[in-house]
Every structure is written in structure tokens, then in C-alpha cells.
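The values are calculated or read from the model by the stated rules, or taken from the named source; none is laboratory data. Everything numeric in this text was worked out from a predicted model, so none of it was measured. Cβ atoms come from the backbone with ideal geometry, glycine included; neighbour counts cover every protein chain shown.
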Amino acid sequence: MKLFKELYDYREMIFSLVKRDLNGKYKGSVLGFFWTFLNPLLQLAVYTMVFSVIMKSNIEDFYLYLFVALVPWIFFSTSVSGGASCIWAQQDLVKKIYFPREVLPVSFVTSQFVNMLLSFLVVLVVLVLSGKGLSGYALLFLPVIMLIEYLLALAMAMITSALTVYLRDLEYLLGIITMAWQFLTPVMYSMDMVPEKLRPIFNINPMTPVITAYRDILYYKKAPEMETLLHAVTLGLALLVAGIIIFSRLKRHFAEEM
């Protein structure tokens, strides 16, 4: 509770860091903040060409099937790999002033979350224009699964950012790890394609129920199964507790390691 109170007390610092990250992300580019919407559209175009022309899939409207899972995956993977350096990148702040160090991963993940929300505007528009449509009832569950994914992403960012202070090579390894993680998550395929004997391994993956829930809501236009939600909540909370514990133990010596 003390940690949450401290984070609330430093909420202005979090908002300031989030705003700075969002404003600085495309600073100097011609299109600026428009890239937030253009990036998912360009990725959709590439994947549509690849999986509709070159590597044809038997899944109906596969580009939509992929798109609704790809956007949340990009948020998660960016939070994991990019979040690894969020403490090290602010070493001057860490060395000179006191503030709860958790502010840094929280602000980084929150800025990525805002980007995902803006990208989802593109997803929703594409679903409507494609004729696939949306279900108002199913959309009621969208904020729930977004919150669960936010907690998962925050937990992983806390773990990777704390460990990277001590193990600088981890920042470079995470690119490979997240790439492998994507192939172990049903982003570009359905769980039906996974051999039965391997499914218990895939179910340990905290992103498996999250991606499944996004797809249920946006592609199948139905409410996620309660089992899927409970699975996601359980893994999300467990990972968040682990992240808080690991971060709180390692943050004591951040300044000395930098």
C-alpha cells in the first residue's frame, strides 16, 4: 500500500514523463504523431499481402484475424524490450533525486499503452469498413482485457528494467526473446494448430489467454470465455506480484550500479 500511495503522490511526475515520451517519440519527423496511426496501417498492408497472396491461410479474413492480435502484441513486446532500458536511460534522475523508482517503468508502459489505444482506433475502423463489424456486448469486455494486459506488460517491464541495470547484455537479448515469445503466442496462428501435447506449455504463456480474449472480442464478436479471463487474471496478478518483489529488492542499489 505504501508503494501505491507513493506512486499516487508522484502522479504528476508520471504524467509528465508520459507526455514527454509521447511528444518526443516522433519529434523531428515530417508526419509527427500521425505515425501512431500510420504504423499499424502499414503493418496491416504488409501482413495482408504476405498472408493473402504469398502464404495463403485457410482462416477467413486472415488479415483481420492477425491484425486484432498484432496490435496488442506490439504493445506487450515493446513494453518488455523497450522497457528494459527505462531505468538506465534516466540514470541522471536516479542518481540525483529521490522518487519511487517504479515511476519509470510505470510511465514507460503507460505511454506505450496510450499508443496502443490510439492504434486500436485504426483497428476498430478497419473492422467496420471491412464489413466484419463489431459487437457492442463483446466490446464491454475490451477494457477488462486491456487492463489485464497493461498489468502484464508493467510486470515484465519492472522485471527487465531492474535486471538490465545489473546485466546490460539483457537489453540486447530481449529482442531475440520477444521474437521467440511471439512465435510461442497464438498471434499468427490459432491454438487449434498447436499439437495437443504442447498446449500445456502454451497455456503457461501469460499472453496466450490475452490474445485469445482479444480475438474473441474483435474477430469472433463474442464475450471471452470465463475460463480465458480467469486464466489471464491469475497469470497477470501473479506476474505483477513477482515484478513488484523483484523490482523492490533490486532498486536499492541502482545508483551504485550506474
Can you name the number of the only condition in (1) aliphatic (A, V, I, L, M); (2) part of a loop (DSSP other than H, G, I, E, B); (3) over 24 Å from residue 61 (Cα atoms) that residue 148 fails?
(2)
Against the condition modelled with pLDDT under 70, under 25 Å from residue 109 (Cα atoms) and either basic (Lys, Arg) or in contact with a strand residue (DSSP E or B) (Cβ under 9 Å, 6 or more places away or on another chain) (or both), how does residue 27 come out, does it pass?
yes
Scan the range 101-132 for residues that are under 23 Å from residue 247 (Cα atoms), of a type in the set (S, T, N, Q) and either assigned to a loop (DSSP other than H, G, I, E, B) or at pLDDT below 90 (or both) and report the count.
0
Is it true that some residue in the range 156-169 is of a type in the set (A, V, I, L, M, F, W, C), at pLDDT 90 or above and not in a helix (DSSP H, G or I)?
no
Looking only at residues in the range 193-209 that are in contact (Cβ under 8 Å) with a residue 24 or more places away in the chain and within 18 Å of residue 146 (Cβ to Cβ), which one is farthest from the chain's Cα centre (by Cα)?
209
Pick from the range 178-192, criterion free of Cβ contacts under 8 Å to residues at least 24 places away in the same chain and part of a helix (DSSP H, G or I), ranking: farthest from the chain's Cα centre (by Cα):
192
I want to confirm something. Restricting to the range 50-100 and keeping residues that are touching a Leu at 6+ places or on another chain (Cβ under 8 Å) and of a type in the set (S, T, N, Q), which single residue is modelled with the highest pLDDT?
79
